[in-house]
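Enquirer: There's a structure below that I have some questions on.
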Amino acid sequence: KGNQEKIMALRTGAAMPNIKKSTFQDMKVKINDDLDLQQKIVAELDTIQTAIDNKQQQLKELDELVKSRFIEMFGENPVESGKWKVEILPNLCMIPITDGTHQTPTYTTAEDGVPFISSKDVTSKKINWSNIKYITKDLHEKLYKRIAPQKNDILLAKNGTTGVAALVEDNRIFDIYVTLAVIRPNLSKINQNYLLQVINSDCCKNQFNKHLVGI
């Protein structure tokens with residue numbers, strides 16, 4: 001993990017981040033000369049990976065179950081059915097819907113920086129903190145004055161991967177890139193978990209798809 005973070009911090013480019021070949025010249029890799037031990041470690045890691053793959057398949061099946069349950073409760077298109085009240089999203093929010101910084105930041109290491117997430121980190125409909133980037137504390141202070149994500153906010157992917165939302169489940173401090181928008185539910189009007197499920201439903205996904213731009 002340490003080497004991965006160092007490599008991430010040395011990436012360059014905006015539209016297509018890349019790693020220069022020269023970066024690898026001084027890379028240090030920890031090894032063990034015992035080939036039998038290497039094989040044992042690989043076998044253990046393979047077992048763990050198999051468990052992870054099985055869990056991901058279970059999560060995929062549960063996601064399909066959630067979708068089918070939503071359709072069972074609300075119908076294929078609850079907006080057109082007329083069975084449910086329709087409200088525009090901003091009217092359910094405490095603050096205007098705001099996206100993250102449009103500036104491509106200079107990244108740093110976890111030890112020296114503040115977590116910085118983008119749409120790629122919410123593709124599972126939960127925030128994945130395992131492979132995030134980090135920005136300098138000076139930049140964080142500037143970004144945090146503009147928008148400070150907080151517990152119960154919903155982060156919506158609006159660039160690249162689109163129409164996928166995840167809930168901020170704790171009070172940790174972090175910043176977001178332009179690829180994410182912050183939706184802060186007015187909890188006196190709507191439950192944050194309920195709104196999350198609605199946003200992630202096919203009904204809202206279809207609305208997002210109708211307004212996609214770019215190739």
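Enquirer: Starting from region 181-205, take each residue that is closer than 28 Å to Leu143 by Cβ and list its partners that are acidic (Asp, Glu) and surrounded by 19 or more Cβ atoms within 10 Å (Cβ to Cβ), counting only C-beta distances under 6 angstrom and pairs at least six apart or across chains.
Expert: Val182/Asp153; Arg184/Asp153
Enquirer: Taking the conditions exactly as written (in a loop (DSSP other than H, G, I, E, B) and either of a type in the set (Gly, Ala, Ser) or within 26 Å of Val86 (Cα to Cα) (or both)), does Asn128 satisfy them or not? Walk me through it before giving the result.
Expert: Numbers: in a loop (DSSP other than H, G, I, E, B): yes; either of a type in the set (Gly, Ala, Ser) or within 26 Å of Val86 (Cα to Cα) (or both): no.
Judged against the criteria, Asn128 is not a match.
Enquirer: If I go through region 157-210 residue by residue, how many of them are part of a loop (DSSP other than H, G, I, E, B), open to solvent by less than 60 Å² (accessible area, probe 1.4 Å) and not polar (S, T, N, Q)?
Expert: Of the residues in region 157-210, 6 are part of a loop (DSSP other than H, G, I, E, B), open to solvent by less than 60 Å² (accessible area, probe 1.4 Å) and not polar (S, T, N, Q).
Enquirer: I'd like the residue in region 158-215 that is charged (D, E, K, R) and in contact with a Leu (Cβ under 8 Å, 6 or more places away or on another chain) and, out of all such residues, is modelled with the lowest pLDDT. Step through it out loud before you land on a result.
Expert: So the first thing to find is which residues in region 158-215 are charged (D, E, K, R), and the list is 158, 169-170, 172, 175, 184, 189, 202, 205, 210.
Adding the requirement that they be in contact with a Leu (Cβ under 8 Å, 6 or more places away or on another chain) leaves 158, 175, 189.
Working: Lys158: 90, Asp175: 97, Lys189: 94.
Step by step, filter region 158-215, then rank; the result is Lys158.
The values are calculated or read from the model by the stated rules, or taken from the named source; none is laboratory data. Everything quoted here is computed from the prediction, not taken from an experiment. With ideal geometry, Cβ positions are generated from the backbone for all residues, glycine too; neighbour counts draw on all protein chains shown. Ligands, DNA and RNA are excluded from the accessible area calculation, which covers all protein heavy atoms including side chains. Shrake-Rupley method; radii C 1.70, N 1.55, O 1.52, S 1.80 Å.
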